[in-house]
1. Label chain B by shape, choosing from rounded, prolate and oblate, from the square roots a ≥ b ≥ c of the eigenvalues of the Cα gyration tensor; if a/c is under 1.5 it is rounded, and otherwise prolate applies when a/b is larger than b/c, oblate when it is not.
2. Roughly how far apart, in whole Å, are the Cα centres of region A:238-253 and region B:6-54?
3. With a ≥ b ≥ c taken as the square roots of the eigenvalues of the C-alpha gyration tensor of the protein assembly as shown, please select rounded if a/c is under 1.5 and otherwise prolate if a/b is larger than b/c or oblate if it is not?
4. Would you calculate, for chain B, the mean residue ellipticity at 222 nm contributed by helices, counting each DSSP H stretch of 4 or more residues as -39,500 (n - 2.57) and dividing by all residues, to the nearest 500?
5. Counting other beta carbons within 10 Å of each residue's own, what order do B:H106, B:H147 fall into, fewest first?
6. Using Cα-Cα distances under 8 Å and only pairs 6 or more residues apart, what relative contact order does region A:43-89 have, in percent?
7. Give the total of Lys-Lys pairs in the protein assembly as shown with Cα-Cα distances below 22 Å; include a pair only if its members are 8 or more places apart or on different chains.
8. Over what distance in Å are the Cα centres of region A:99-162 and region B:175-205 separated?
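None of the figures in this text is laboratory data; all of them are computed from the coordinates on show. Predicted model, so just to flag it, every value in this text is computed and none were measured. So basically every Cβ, Gly included, is an ideal-geometry build from the backbone, and we count neighbours across all protein chains shown.
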Amino acid sequence: MTTLGAVGAPTTPARAKRAADDDRLWRWTSFGPALLLTLAIGTLPLLNLFVTSFFTVSWSGGRSTWTPVGLANYAQLPSDPLLQAGITNTTIFAFSAVVSQMVLGFLLALLVSRIPRGQILFRAIFILPILIPGIVIGAIWQLLLNLDFGLVNQLLGLVGLGPHDWLGDPRTALLSVIVVDIWHWTPFCFLLLLAGIESLPEDVFEASKMDGASALQELWNITLPLMLPTILVTLAFRLVLAFKVFDEVFLLTGGGPGTATEVISFTIYQRFFSEDRVGYGSAMSVVVIFVISLLLVLALSSRRWATPR
Amino acid sequence: MSPAAPTARIAGYGTLVVAAAIVLVPVVWIIAGGFRTQISLLMGEVLFRPILANFREVLLSSASDFLLNYRNSMIVGVASTALCVSAATLAAWSLERLGWSPWVKHLFLGWALLFQMIPPIALAGAWFTMARTVGLENTLTGLVLAHATLNLPMAVWLMTVFVRDVPNELVEAARIDGASGSKLFFSIVLPIITPGLAATTVLCFVFSWNEFSAALNLTNKASATVPVAIAKFAQDYEIQYTQMAASAALSIVPALVLLLIGQRYIVRGLTNGALK
C-alpha cells in the first residue's frame, strides 16, 4: 500500500514539513472517530460481559448487588435445557435454511442471467424482502400462517386440505420458521450469486459451446467451479446471519411451542432480560461469541483456500 | 450466457414469474390487510371494499404512538447513518492510504468482521448498563450510538473497497499541487467515492430502520422505534390484526421508496461488501 511523505514532495522544505504535519494530524483525526466508537461502544460492552459473567447480579430498590461466583455461571451452561434446545434448533435452522436459500438463489440467478428482457424488474422484486424489517416479516407471516384466517390455510382449503396451526404445532413450528427465513433471505443469495455469474468471463462459455458441451455439462464443469469463491463467501455470510436469527422468531413463535423453535439469540434474551439473570446471560453470550470467532477463523481460511489468487 | 431454446426460455420465465409471485403476494396481502375491516380479514374475503379506518386509527388516534415511533425511527436512522458513514469513510481512507502499519489495519478490519458476527442481543444488556451509567438509557442518543456502532464494521469494509479504487495518480498529482491532509480528502477523494458513499448510506439507513434487538432493549414507550412498536402490537392480548397490517404496510414505505430510487446503490452496496 501507499506510504506517506516522499511521494510527490512539494518544492520547498518548509512546505514539505507543513504538509507532513498536516498529514500526521489528519491521519489521527480521520481514524479517531471510528476507533473511538469501536473501543467505547463496541469493545467496552464485551469486557463488561466478560467481567459480569463471573458474578451473580441481583437488583433491589434500583441498586444492584454483585456477588462473585467464579466459574459457576459457566458450569451451569452445559446442563441448561433451553440452551441445549437452542443449539440444536439453531443448527438445524441455519443449515436447512441456508442450503435451501443457496440452491434456490443460484437457480434464480442462473435464470435471471439468461433472460434477454426484464432482468431489472425481476431483480427489483427479488431484492424487496431484504429491505423489509425482520420484525415486520415476522408480523406478515404470523398473519399469513394464522390458523383461522391466514392466506396459507385459505389456499390449502381451496384444494380441500384442512387448516393447520403451522406455528402452534411443535412438529411444524420450526419448519415454518425455516420457510419464512427462506422467503426472507433467498433474495440475498440470489443477488450475490447473480453478481458472481455476471462477472464470469464470456469467452470460456463460447469455447465450451464450440466444443459442443451441453447446458448441464457447462454448468457442472465451468459455471460451478468458477463460481466457487462467490458461493463460499455467500454461504459464510448467510450462515453467520442465520446463527444470529432473532427478530422473526421473536414474533412468529417466541421460541415455542415448548422449546420447538428456541434459538440461541432467543435463549440469551430470555435468560438475560426476561429472567434478569445478568451474570448467567453474560456467560452464555461470552461462550457464543467465542464459538463465533472460531467459525470466523474457519470461514476466512476456507476463503483463502478457495480464491485462486 | 447462451440464448436458450424457446421452450427452455418459456420455462425460465414461468419459474421466475412464480418466484416473483411468491415474493410479492405476502407483501401485497399485508398491505391489502391494512385496508380491510377486521371482519373482512377474518372471513377471508377476496374482494373487499377498501377502508382507511385502520390507517386513520394508527396514524391519528390519540391511543396510538405510531407517528412518534416513525419519527424516532427516522431520527435514529438519519443520525446513526450520518455518524456511521462519516466515521467509516474517514477510517477507510486513513487505514487504506495514510500509512498505518499493516497490523493496525488488519487488527481493526479483523475486529470489525468479528464484531459483525456477534448477535446484537448479546451486547444489548451491556449497552443498557452502560447507557444507564452515563444517563443515556431510553434516549434516542443511546440508540443512535448503538446503531452507528453496529453498522460501522459493514460500512468500513464497504468504504475500504471503494477507497481502494481511487486512482493513485490523481492523489499524487493533488499532492504536488500542495493539497495535503483533510484538504486532499475533501476536495479530491470525496467527490470520486460519492457513488460508493451513496451505496453505504442507503444500506446503513435500511439496517438501522430494520434493527430490532438493540432498539427493544434500549428504548421505552417515548423512544420506541417502528419495529419495537410493531412487536408490541403483535403481543397485545387482543391483537388488532388489521391495524397491525396497516402499521406493517407503513413501515415498509421507506424500503419501497429506496428500492425505486436507489436500487443500483443497494445492489452495489450488498455485492461489493460481500464479494470484494
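1. Oblate is the answer for chain B, as a/c is 1.5 or above yet b/c matches or exceeds a/b.
2. The two parts, judged by their Cα centres, are 25 Å apart.
3. Details: a/c = 1.61, a/b = 1.15, b/c = 1.40.
Cα axes put the protein assembly as shown in the oblate bin.
4. -25000 deg cm²/dmol, from helical runs alone.
5. So the ranking, lowest neighbour count to highest, is B:H106, B:H147.
6. This gives 26 percent for region A:43-89.
7. Count of close lysine pairs: 4.
8. 38 Å
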